[in-house]
Amino acid sequence: MTRIFSGVKPTGHLTLGNYLGAVHRWVQVDQHRADALFCVVDLHALTVEHDPGRVRRLSRQAATLLLAAGLDPAVCTVFVQSHVDEHARLSYLMECTATDGEMRRMIQYKEKAAREQQRGGSVRLSLLTYPALMAADILAYQADEVPVGDDQTQHVELTRDLAVRFNQRYGHTFTVPKAVNPSVAARVMDLQDPTCKMGKSHAATAGIVYLLDEPDVVRRKVMRAVTDSGIEMAYEPGTRPGVANLLDILAACTGTSPRDLAEGYDSYGALKKDTAEAVVELLRPLRERHAQLCADPGEVDRVLREGAERARALARPTVDAAYAAVGLLPAL
Ligand code: AMP
Ligand code: TRP
């Protein structure tokens with residue numbers, strides 16, 4: 001059976017970008033067609049300045065939202081990365097497999113490091129080595145597929161390279177995984193700046209729809225989305241990113257194609273109104289289920305405990321085999 005692994009970082013409240021780019025598919029398709037693991041990757045949240053209490057709250061919230069969105073612990077595994085030591089154990093071997101140059105070429109590292117430096121802050125070493133940990137997350141489970149938004153494809157490509165290199169050097173140990181992107185909304189853009197990804201840790205929040213935003217807040221953010229000066233409706237992401245983004249969002253919410261949708265509209269106002277309502281309806285059941293789960297925190301704890309046990313049992317033999325393969329003396 002196909003094995004799937006994916007994760008979400010608790011660095012901010014989950015956004016519509018996370019949902020349409022990743023979580024929606026995990027829920028609708030992936031958990032039913034494969035042996036799937038979904039992880040709140042909390043260790044990754046420590047790669048930038050963080051507040052311990054906030055990371056703790058956001059980790060719990062992210063896990064709760066994944067369940068509220070419809071991940072079913074009866075058919076898939078939901079867990080928190082730091083509960084399973086194998087991730088950190090294997091990450092070190094990945095650091096010993098990757099090169100410094102390869103890590104420095106990662107677009108996300110370059111962008112985030114530049115931003116930190118601009119703010120006068122320092123860059124944590126773990127921000128550079130982050131893809132080694134991400135590779136460990138994936139390879140520890142022998143994952144075949146990694147369903148992610150567009151922005152993570154480069155990291156999954158690097159994971160493939162590391163798996164191939166490790167297997168060549170030390171004998172076949174890891175499955176070589178591949179990234180799978182959604183066909184629509186693989187990159188949801190910020191509503192106020194549609195040339196920029198809708199990211200959960202951005203400071204300006206007017207262009208970001210959070211999954212737990214009240215319906216009126218969602219409507220306001222979508223109605224105020226920046227569009228382009230053109231008047232004719234057309235799906236042209238390169239030249240008219242604002243309208244293309246709204247069409248992508250509406251298409252992803254309704255399971256249609258953005259190009260087809262464009263033909264049905266003659267005003268931006270109508271498009272915004274329909275997009276706002278589609279997003280509100282998409283998020284409604286999720287918000288309701290989230291509230292129910294929050295009233296029963298013991299249930300979320302139970303799911304995470306069982307998820308970590310299952311994950312540990314899967315990862316342990318692979319990581320032990322990797323340790324043995326590189327020449328580390330087995331602990332008896
Ligand atoms: P992150 O928020 O970086 O932990 O991302 C979790 C998942 O959501 C990853 O698969 C990302 O590729 C995906 N994702 C994050 N932001 C967006 C976005 N704006 N559009 C599409 N996918 C996204
Ligand atoms: N780097 C991913 C992101 O920022 C999160 C992540 C960490 C991940 N480990 C992973 C995604 C393993 C898929 C598989 O979104």
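The values are calculated or read from the model by the stated rules, or taken from the named source; none is laboratory data. What you see is a predicted model, and the numbers here were worked out from it, not measured in a lab. Ideal geometry is used to build each Cβ from the backbone, glycine not excepted, and the neighbour counts take in all protein chains shown. With ligands, DNA and RNA removed, areas are computed over all heavy atoms of the protein, side chains included. Shrake-Rupley method; radii C 1.70, N 1.55, O 1.52, S 1.80 Å.
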When the solvent-accessible surface of protein heavy atoms is calculated with a 1.4 angstrom probe, in what order do S91, S201, S82, S229 fall, highest first?
S229, S201, S82, S91
For Q142, which sequence-distant residues (separation of 5 or more, or a different chain) have an amide H within less than 5 Å of its own amide H, given hydrogens modelled in the peptide plane?
T175
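Could you please tell me the mean projected area of the C-alpha convex hull for region 3-44, averaged over all directions and given in square nanometres to one decimal?
Working: hull surface 11.9 nm².
Answer in nm², one decimal: 3.0.
Only Cα pairs under 8 Å and at least 6 apart count here; give the relative contact order of the chain as a rounded whole percent. Spell out each step's value before the answer.
Details: 532 pairs, mean separation 73.3, N = 332.
Reported as a whole number, the value is 22 percent.
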Residue of Q117, Q192, Q152 that the Gaussian network model of the chain assigns the largest fluctuation, springs spanning Cα pairs under 10 Å:
Q117
Going by alpha carbons, how many degrees (0 to 90, nearest 10) lie between the helix axis of 241-254 and the longest principal axis of the chain?
80 degrees
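Taking a 1.4 Å probe, which of I231, I4 shows the most accessible area, and what order do the others take after it? Provide the component values of the computation, followed by the final result.
On the way: I231 150, I4 0 Å².
From most exposed to least exposed: I231, I4.
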Rounded Å value of the spacing that divides the Cα centres of region 83-143 and region 201-243
31 Å
Ignoring ligands, DNA and RNA, what percent of the accessible area of region 1-149 is carbon or sulfur (1.4 Å)?
50 percent
Measuring from the longest principal axis of the C-alpha atoms of the chain, the long axis of helix 86-95 (C-alpha) lies at a number of degrees, nearest 10, equal to 80 degrees
Of all DSSP beta bridges in the chain, antiparallel share, percent nearest 5
10 percent
Can you give me the solvent accessible area of E111 with a 1.4 Å probe, rounded to the nearest 10 Å²?
100 Å²
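When Lys and Arg each count +1 and Asp and Glu each count -1, what net charge do the other residues less than 13 Å away from Y92, Cβ to Cβ, add up to?
Numbers: positive: R89; negative: D85, E86, E95.
Charge balance in the 13 Å sphere: -2.
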Sorted list, accessible surface of protein heavy atoms, 1.4 Å probe, largest first, for K9, K178, K273 is K273, K178, K9
For the chain, calculated [θ]222 nm from helices alone, where every DSSP H run of n ≥ 4 adds -39500 (n - 2.57):
-16000 deg cm²/dmol
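Given all pairs of different Cα atoms, what value in angstroms does the Kirkwood hydrodynamic radius of the chain take? Spell out each step's value before the answer.
Values: mean 1/r = 0.0481 Å⁻¹.
Kirkwood hydrodynamic radius for the chain: 20.8 Å.
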Consider just the alpha-carbon atoms of region 83-224 and return their Rg together with their Dmax, both in angstrom.
17.8, 56
Within the accessible area of region 232-273, what % is carbon and sulfur when the probe is 1.4 Å and the other protein chains stay in place?
49 percent
Please list 3J(HN,Hα) in residue order for region 2-17, calculated via the Karplus relation 6.51 cos²θ - 1.76 cosθ + 1.60 where θ = phi - 60°; whole Hz, with x for glycine and proline.
4, 9, 10, 9, 8, x, 9, 8, x, 9, x, 6, 5, 10, 4, x
Give me, ordered by chain and number, the residues 5 or more places off K178 or on other chains with an amide H under 5 Å from its own placed amide H.
E145, V146
Interchain or sequence-distant (5+) residues whose placed amide H lies within less than 5 Å of the amide H of K9 are V41
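Taking the Cα centre of the chain as origin, sum charge times position over the Cβ atoms of Lys and Arg (+1) and Asp and Glu (-1), and report the length of that vector in debye to the nearest 20.
640 debye
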What pairs from K221/K272; K200/K221; K9/K200; K110/K178; K112/K197; K9/K272 go past 18 Å between their alpha carbons?
K110/K178; K9/K272
Before I look further, what does the chain give for accessible area per residue, probe 1.4 Å, in whole square angstrom?
46 Å²
Against the longest alpha carbon principal axis of the chain, how many degrees, from 0 to 90 and to the nearest 10, is the axis of helix 297-325 turned?
50 degrees
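As an exercise, find the ratio Rg/Rh for region 219-332 from alpha-carbon atoms, using the Kirkwood inverse-distance average for Rh.
Numbers: Rg = 23.8 Å, Rh = 18.3 Å.
Checking Rg against Rh, the ratio lands at 1.30.
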Determine how large the accessible area of K221 is when every protein chain is in place; take a 1.4 Å probe and give Å² rounded to the nearest 10.
30 Å²
